[in-house]
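Single-structure report; data block below.
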Number of protein chains: 2
Amino acid sequence: MEHITEMLKGVLEGCVLEIISRGETYGYEITQHLRELGFTDVVEGTVYTITMRLEKHNLVDIEKKRSTVGPPRKFYTLNEAGKEKLDTFWEKWDFVSNKINELKSKEIKRRG
Amino acid sequence: MEHITEMLKGVLEGCVLEIISRGETYGYEITQHLRELGFTDVVEGTVYTITMRLEKHNLVDIEKKRSTVGPPRKFYTLNEAGKEKLDTFWEKWDFVSNKINELKSKEIKRRG
DNA sequence: AACACTATTCTGCGATACTATATACCAGTA
DNA sequence: TACTGGTATATAGTATCGCAGAATAGTGTT
């Protein structure tokens, strides 16, 4: 699926939070998870801007570890604030997606 | 529900297209529909920028009609291009929302 | 050395929704 | 007449977010 850029706004960060919540991981690996999920066009730069934002907002803890296959990796884990942010994200997601599916399936009340 | 601004990016236009597809309507009324749907914080200005975009992209036909309760209304109907855009929107929505719900519910494959 | 692969970092851009405001039209009321 | 409130379009400016594209940096292989 292509050209879903705009539709990903506001949800990609939530997806990254969710992925990090499953266990410590780093940017490059997050990108691969997203691609496997089906968001095949996501590139490293995009994920980088998100992880940078998570750092800036103090939602993650960071640990740098050496790798045998390349430069050091920055491993992320969610801290308490990050977990709260993730919970809030899913609440918003449920709300918005329910409303949109409602619109998709239901008749609209028309005024006289 | 508040602060869902970013999550609405990319879907609000689709919602407006869907609302117009149900029958000719105008900006102010579209805003009210969205508010009734649950997007209570959507304001006229936001919808206006969307309808202007639809006009610019030639997705709607326009008819100006007088009103007994205020200034003239600009009624919109979807043209063929608009209907195609709407179909594409729902395809993208189904794709994205399925993927995200998948992420929400499933385990992630972890590599060794 | 040269190359391939992994991985992070950086910067500027375009698209979108929001804020705030201005303008205009009409009805009802004092 | 003047005022108020609801209806309705229009516009300028701002912030956020994902993307494109490239640079940089380690490590192992040839």
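The values are calculated or read from the model by the stated rules, or taken from the named source; none is laboratory data. What you see is a predicted model; the values in this text were computed from it and never measured. Here the Cβ is made from the backbone with ideal geometry for all residues, glycine too, and neighbour counts use every protein chain on show. Ligands, DNA and RNA are stripped out before the accessible areas are found, and what is left, the full protein with its side chains, is counted by its heavy atoms. Shrake-Rupley method; radii C 1.70, N 1.55, O 1.52, S 1.80 Å.
The table that follows gives values for the structure above.
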{"quantity": "Contact order normalised by residue count of the stretch B:5-103, Cα under 8 Å, 6+ apart, percent", "calculated": "28"}
{"quantity": "Farthest positive-ward along the stretch A:5-100 dipole, Cα basis, beta-carbon charges - from A:GLN32, A:THR68, A:GLY45", "calculated": "A:THR68"}
{"quantity": "Whether the stretch A:5-100 is rounded, prolate or oblate, judged on the alpha carbon gyration tensor where a/c under 1.5 counts as rounded", "calculated": "oblate"}
{"quantity": "Qualifying trypsin sites (Lys or Arg not before Pro) for the stretch A:9-112 [loop in DSSP, other Cβ within 10 Å: at most 10]", "calculated": "A:ARG66, A:LYS106, A:LYS109, A:ARG110, A:ARG111"}
{"quantity": "Other copies of A:ASN79: label-to-label distances in nm, shortest first, labels 7 Å along the beta-carbon direction", "calculated": "5.4"}
{"quantity": "Label geometry 7 Å along the beta-carbon vector: B:LYS106 inter-copy distances in nm", "calculated": "3.0"}
{"quantity": "Label spacing, shortest first and in nm, from B:GLY23 to its equivalents in the remaining copies (7 angstrom along Cα→Cβ)", "calculated": "5.5"}
{"quantity": "Residue and distance (whole Å) for the chain B Cβ nearest the axis that superposes B on A", "calculated": "B:LYS9, 2"}
{"quantity": "Point-charge dipole on Cβ atoms (K/R +1, D/E -1) for chain B, about Cα centre, debye to 20", "calculated": "320"}
{"quantity": "Inter-chain Cβ neighbour average for residues A:9-17, partner chain, 10 Å", "calculated": "4"}
{"quantity": "Cβ neighbours within 10 Å from other chains - mean over B:33-39", "calculated": "4"}
{"quantity": "Point-charge dipole on Cβ atoms (K/R +1, D/E -1) for the stretch B:3-53, about Cα centre, debye to 20", "calculated": "80"}
{"quantity": "Average beta-carbon neighbours from other chains, 10 Å sphere, peptide A:99-105", "calculated": "6"}
{"quantity": "Accessible carbon and sulfur surface of the stretch A:5-100 relative to its total accessible area, %, 1.4 Å", "calculated": "49"}
{"quantity": "Under 13 Å, Cβ to Cβ, from B:GLY82 - net charge with Lys/Arg +1 and Asp/Glu -1", "calculated": "-3"}
{"quantity": "Size of electric dipole in the protein assembly as shown: Cβ of Lys, Arg +1 and of Asp, Glu -1, about Cα centre, debye, nearest 20", "calculated": "120"}
{"quantity": "GluC sites (Glu not before Pro) within the stretch B:1-88, DSSP loop, no more than 13 other Cβ atoms inside 10 Å", "calculated": "B:GLU2"}
{"quantity": "The stretch B:78-97 versus the stretch A:33-112: alpha-carbon centroid distance in Å", "calculated": "24"}
{"quantity": "Three-way shape call for the stretch B:22-74 based on the alpha-carbon gyration tensor, with the a/c threshold at 1.5", "calculated": "oblate"}
